[in-house]
Amino acid sequence: MTIFGICIFCSLAILLCLHFIFVWNFCRVVKGKQPEPLQDSECPKTIICLNLRGLDPFLAIALPKLLDQDYPNYDVFIVVDHPDDPVYKFANDLVLASGKTNVKIEVLTNRKPTCSLVNSALLQTIQNHGNEYEVIAMIDADAVPHKTWLRELLAPLRDKNVGTVTGQRWYFPPRASFGDLVRYIWNIPAVLQMVFFKIPWGGSLAIRMDVFAKCKVADYYEKALVQDVPLFDILKKCGYSVQFAPSILMVNRESNTLSSLVPWIQRQLLWAILYHSSWWKIVIHGILVTLVPIGLLSLMINSLMLHNTRIFLQASVCLLAYGLITLSQLLLLENQARKIVKRQGECVGWLNPLKFIAFIPALLVAQLVYPKALLFALFSRKIEWRGIHYQIQDPYNVKMLNYEPYKSKNKDKISL
């Protein structure tokens, strides 16, 4: 066997071991003992920050649920990017219809050129209102919280060594278009790595105000593109940890196209590379995921040309085994996610045998999308995010190159 063949088979063994470790760790965390939800007397006064730019498809469902949390002492502050944004009137109408008094809608007035609009909105809320609260919670417009979301999110903060608590995002796309399936397949290993490397997700996140102040998080936010990923290293310097709370795994049922998926994956990888100390481990995993299947296919083609039946069979069996093991792990993790989502009272019946069969071509496309996104994240220093372009000199030296109110490329639709 050639040196190339030996390298490919060894790389496959390493990749399978890594996947086993990621899956085992996720299942261990999910099945581990979880802290009890907070009792009323234990609930700290909490501010929930929601930043809006454009109409997210499930906002009509997410916002009423956010305003109806089973939590005695919280306020919601919504910052809309621009008064002409259609979401401004939409959110106002929803709030008025709810009759809730613990919510306030503001317009972003201080768009800092040195960070993203998301960070500017978050800083505006915290600097104007944060001193009145003990905990800051963050949620994305595409995250639909269940009734006890906030209690469960804040429960691990009983431990004073825990600086921030985070959930993760899991896709249950009912329509399951090809783009949906590719995103679903890509997101699962991303979640496994985020849990393993303790990468926070801002779509469902809480941080104590004293930790926020002590670690001078606002100083970082003023110079960064995202508010979540940097927290691991920022808090670690001050002796605080990041904890994943399995019970607040957030279901996302949005559909997407393959063309819109690629920029999204590029951004997710870019955030990790820019702002997390384990970025090089994520890159190595991405390289292995890309090269191992290509290497096995190359071995099969080369062995056919050289009439080497033994190598051809070995490479074929390894490639088939890799695919089957990957699909089996997806099913195992899907089962774990369903158990969590069922306890939240959500429907989980989206996957059927026909859609599962479609996983095979979707898995192949995901393999092709990943290297393109990884190369972009490694070498590109310009990014577009919801119509805004940013120049990246280094992780904490960024510049907003343009600004305009949000304009959807397609007509916005709200799912009811």
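All of the numbers you see were taken from the coordinates with simple rules; none came from a lab. Keep in mind that what you see is a predicted model, and the values were worked out from it rather than measured. Counting neighbours? That spans all protein chains shown, and the Cβs are built from the backbone with ideal geometry, glycine included.
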List the extent of the Cα atoms of the range 292-338 along each of their three principal axes, largest first, rounded to whole Å.
48, 16, 9
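Expected output is a single nm value to one decimal: the length gained when fully extending between ILE284 and ILE325, i.e. 0.36 nm times separation in residues minus the C-alpha distance. What is it? Mind dumping the intermediate values first?
On the way: separation 41, 0.36 × 41 = 14.76 nm, distance 2.01 nm.
Stretched out fully, the ILE284 to ILE325 stretch lengthens by 12.7 nm.
Can you give the charge dipole size of the chain about its Cα centre, rounded to the nearest 20 debye, using +1 on the beta carbon of Lys and Arg and -1 on the beta carbon of Asp and Glu? Working shown, then result.
Values: 43 positive and 31 negative charges, 169 e Å.
With Lys and Arg at +1 and Asp and Glu at -1, about 820 debye.
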Pairs LYS65/LYS112; LYS45/LYS100; LYS216/LYS399; LYS45/LYS399; LYS65/LYS342; LYS237/LYS281: which exceed 24 Å Cα-Cα?
LYS65/LYS112; LYS45/LYS399
Cα lying deepest toward the dipole's positive end in the range 1-101, options LEU52, HIS19, GLN39, charges on Cβ:
HIS19
Please arrange ASP75, ASP210 by counting, for each residue, the other beta carbons lying within 10 Å of its beta carbon, fewest first.
ASP210, ASP75
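How big is the charge dipole of the range 200-294 about its Cα centre, in debye rounded to the nearest 20, if each Lys and Arg gets +1 on its Cβ and each Asp and Glu gets -1 on its Cβ? All intermediate terms of the calculation are to be shown ahead of the outcome.
Working: 9 positive and 6 negative charges, 34 e Å.
The dipole magnitude comes to about 160 debye.
What is the packing order of peptides 313-320, 198-205, 286-293, taking the mean over residues of other C-beta atoms within 10 Å and listing the highest first? All intermediate terms of the calculation are to be shown ahead of the outcome.
Numbers: 313-320: 16.4, 198-205: 23.1, 286-293: 19.1.
Final packing ranking: 198-205, 286-293, 313-320.
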Mean Kyte-Doolittle of at least -0.5 and a Cα length of 15 Å or more along the axis: which whole DSSP H helices of the chain meet both?
3-31, 86-98, 117-129, 178-196, 258-275, 279-305, 309-343, 359-379
With the 8 Å Cα cutoff and a minimum separation of six or more residues, the range 1-111 has a relative contact order in percent of 25 percent
Residue (of VAL76, VAL103, PRO156) at the positive-pole extreme of the range 74-179, dipole from beta-carbon charges
PRO156
Expressed in angstrom and ordered largest first, the alpha-carbon extents of the range 178-296 along the principal axes are 49, 32, 28
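Roughly how compact is the chain, stated as its Cα Rg over 2.2 N^0.38 Å to two decimals? Walk me through the intermediate numbers first.
On the way: Rg = 22.2 Å, N = 416, 2.2 N^0.38 = 21.8 Å.
Here the answer is 1.02, to two decimals.
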Quick note, the range 82-128: a/c under 1.5 would make it rounded; otherwise a/b > b/c is prolate and the rest oblate (a ≥ b ≥ c, C-alpha gyration tensor); here it is oblate
At what distance in nm do the modelled label points of LYS339 and ILE294 sit from each other, each positioned 7 Å from its Cα along Cα→Cβ?
3.8 nm
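If you average 1/r across every pair of different Cα atoms in the range 96-231 and take the reciprocal, what Kirkwood value do you get, in Å? Could the numbers behind the result be given before it?
Numbers: mean 1/r = 0.0597 Å⁻¹.
Here the Kirkwood hydrodynamic radius works out to 16.7 Å.
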Between SER380 and LYS100, what is the label-to-label distance in nm when each label sits 7 Å out along the Cα-to-Cβ direction?
3.5 nm
I'd like to know which of THR326, VAL398, LEU235 lies farthest towards the positive end of the charge dipole of the chain, counting +1 on Cβ of Lys and Arg and -1 on Cβ of Asp and Glu.
THR326
